[in-house]
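Undergrad: Next up is a structure, given as structure tokens.
FYI, it's all coordinate maths here, none of it is from the lab. None of the values given here were measured: they were computed from a predicted structure. Note: ideal-geometry Cβ built from the backbone for every residue, glycine included; neighbour counts use all protein chains shown.
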Amino acid sequence: MALNPQDLFDVRSLLTEEERSVQDTVARFTDERVLPIIGGAFDEGRFPKELVGEIAEMGLLGSSLPEEYGCAGLNSVSYGLICQELERGDSGIRSFVSVQSSLCMYPIYAYGSEEQKQRWLPDMAAGKVIGCFGLTEAHGGSDPATMKTHARRDGDDWVLNGSKMWITNGNVADIAIVWAQTDDGIQGFVVEKGMEGFAAQEVKHKMSLRASVTSALFFDNVRVPEANRLPNVKGLKGPLGCLTQARYGITWGPIGAAQACLKEVLDYTGERILFGRPVAATQSAQIKMADMARRITTAQLLSLQLGRLKDAGTMKPQQVSLAKWNNCRMAIDIARECRDLLGGAGITTEHAAIRHALNMESVITYEGTETVHQLVIGRELTGINAF
Ligand SMILES: Cc1cc2nc3c(=O)[nH]c(=O)nc-3n(C[C@H](O)[C@H](O)[C@H](O)COP(=O)(O)OP(=O)(O)OC[C@H]3O[C@@H](n4cnc5c(N)ncnc54)[C@H](O)[C@@H]3O)c2cc1C
């Protein structure tokens, strides 16, 4: 029997029944609900907010958090598969779920009080409250310790001033997890839409992640009650802990994007007749596509092992860095090569390759650029910090 071109090493056989069922459910959603509309949404520069309700109903928001907070209580491998199948549709949809789950619900769960968890997590799992995560500032996202946004205690409140840049979901969010300098180190605050002095402005003219909202956030003497401060973490380890969660999911997403591109060129080159034979019958096209399958397979095994380590509680941030670097590089290269194999047809969003290639420009940059992750590995190998 022929091997599955999307899964040459039968990685699916390494999954549990529950993991396979999660993958199938999300795959169906992507095929039926995302793929028919996503090219148009990307063209229009529109986040398809109408999908949020269904995403929530499937239990994809905060899927790894416990059922007592209205979440699905799935394992990390299942979360990875969710990211993979969503990004097979579009990185923007996966980004929405990553931000809501790993960057907003996770810090409330990990660093919040019981009252904060009860107040926000069930509504966030249900998609009734959307979150965004404000860490990056305009003067240098790779070096977040230099953040200028600050909060000063004033009676029962904190007074927040500053700004954040490149914030996914910013304009559609009901709450923002905002990291700010305080007299006691960096702390996290839940800033609510409508608080006086808080504004979001959408970033326009993006050529990447066009089906996702990206915004700048502004804080002008915003009074945030002490009850909205995340009490259980101080310092950069707070936001970095969230990023490890999100980056883990991001290692899986690009696998889906690359699989979508490979499937598209397998179909296309099989039918495209040039010089009297299908392009797929040429050695150069076959070598290119074989090499794509090799890189996708490597990425699948890397993420699955990472997920098993995460579920065993032994995953290290350096391992996440290696996988994020490898898998983003794999997907951006494959998407570009697929765009080339589609010829002129590859330059419109009628085919997915250019959309995935453009999206991957963001995915390889956010949550730590490729260089940042390379330097993390370099430091691990040499013991020398070269940042
Ligand atoms: C679409 C999109 C969505 C995003 N969503 C969010 C979000 O929801 N929340 C959030 O907080 N942030 C978000 N970000 C921000 C993202 O995390 C940052 O863009 C990223 O961390 C890089 O920061 P920067 O853009 O300031 O680039 P810089 O940090 O200025 O980097 C510029 C260049 O310098 C390189 N570089 C950095 N350090 C070194 C070094 N030591 N040696 C050599 N080269 C180096 C980088 O690799 C890069 O090539 C998003 C970004 C994008 C594009």
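Undergrad: Between E18 and K316, what is the label-to-label distance in nm when each label sits 7 Å out along the Cα-to-Cβ direction?
TA: 2.9
Undergrad: If you don't mind, there's one more thing I want to ask. Note down the nm distance, to one decimal, between modelled labels 7 Å out along Cα→Cβ at L309 and at E226.
TA: Placing both labels 7 Å along Cα→Cβ, they lie 4.1 nm apart.
Undergrad: Taking every Cα atom in the chain, find the radius of gyration and the maximum pairwise distance Dmax, and write them in Å.
TA: Computed over the Cα atoms of the chain, radius of gyration and Dmax are 21.0, 79 Å.
Undergrad: Give me the angle, in degrees from 0 to 90, between the Cα long axis of helix 76-89 and the longest principal axis of the Cα atoms of the chain, rounded to the nearest 10.
TA: With rounding to tens, the tilt is 60 degrees.
Undergrad: Between helix 283-312 and the chain, what is the angle of the helix's C-alpha long axis to the longest principal axis, kept within 0 to 90° and rounded to the nearest 10?
TA: So the inclination is approximately 40 degrees.
Undergrad: Something else now. What list of ³J(HN,Hα) couplings, whole Hz, do you get for the stretch 140-152 from phi and the Karplus terms 6.51, -1.76, 1.60, once you set θ to phi - 60° and write x for glycine and proline?
TA: Once rounded to whole Hz, the list reads x, x, 6, 10, x, 5, 8, 4, 9, 4, 9, 10, 10.
Undergrad: Sticking with this one: Could you give the length gained by full extension between E68 and N161, i.e. 0.36 nm per residue of separation minus their alpha carbon distance, to one decimal place? Each step should come with its number before you reach the end.
TA: Working: separation 93, 0.36 × 93 = 33.48 nm, distance 3.49 nm.
Full-extension gain reported as 30.0 nm.
Undergrad: Using a Cα-Cα cut-off of under 23 Å, which lysines could be cross-linked to K263, ignoring same-chain neighbours fewer than 8 residues away?
TA: K288, K324
Undergrad: Moving on to the next point. For the stretch 129-238, which GluC sites (Glu not before Pro) are both in a DSSP coil and crowded by at most 16 other Cβ atoms within 10 Å?
TA: Loop-located and lightly packed - E196.
Undergrad: Taking θ = phi - 60°, what integer Hz values does the Karplus form 6.51 cos²θ - 1.76 cosθ + 1.60 yield along the stretch 382-387, in sequence order, with x for Gly and Pro?
TA: Rounded to whole hertz, the list is 9, x, 10, 7, 9, 5.
Undergrad: What FRET efficiency comes out for I384 versus M1 if R0 is 51 angstrom and r is the Cβ-Cβ distance? Round to the nearest 0.05.
TA: 0.50
Undergrad: Separate question: What is the fewest-to-most order of L302, L14, L81 by other Cβ atoms lying within 10 Å of their Cβ?
TA: On the way: L302 20, L14 14, L81 30.
Ranked by crowding around the Cβ, least crowded first: L14, L302, L81.
Undergrad: Please give the net charge around K324, taking every other residue with its beta carbon less than 9 angstrom from that of K324, where Lys and Arg add +1 and Asp and Glu add -1.
TA: Counting the neighbours of K324, the net charge comes to -1.
Undergrad: Once the other residues with Cβ under 13 Å from the Cβ of L209 are scored (Lys, Arg +1; Asp, Glu -1), what is the net sum?
TA: Result for the neighbourhood of L209: +1.
Undergrad: A follow-up question, please. Grab the other residues whose beta carbon is less than 15 angstrom from that of N75, score K and R as +1, D and E as -1, and report the net.
TA: Residues close to N75 contribute a combined charge of -2.
Undergrad: If each DSSP helix of 4+ residues adds -39,500 (n - 2.57) and the sum is divided by the residues in the chain, what number results at 222 nm, nearest 500 deg cm²/dmol?
TA: On the way: 12 runs with 183 residues, N = 387.
It comes out at -15500 deg cm²/dmol, rounded to the nearest 500.
Undergrad: Here's another thing I want to ask about it. Mind checking which aspartates and glutamates have their Cα closer than 20 Å to the Cα of K49? Skip sequence neighbours fewer than 8 apart in that chain.
TA: D31, E32, E57, E85, E87, D90, D123, D174, E192, E202
Undergrad: Ok, one more. How do D156, D220 rank when sorted from fewest to most other Cβ atoms within 10 Å of their own Cβ? Please list the in-between numbers first.
TA: Details: D156 9, D220 13.
Going from least to most buried by this count: D156, D220.
Undergrad: Here's a follow-up. Could you give the angle, 0 to 90 degrees to the nearest 10, between helix 353-363's Cα long axis and the longest principal axis of the Cα atoms of the chain?
TA: Between the helix axis and the principal axis of the chain, the angle is about 30 degrees.
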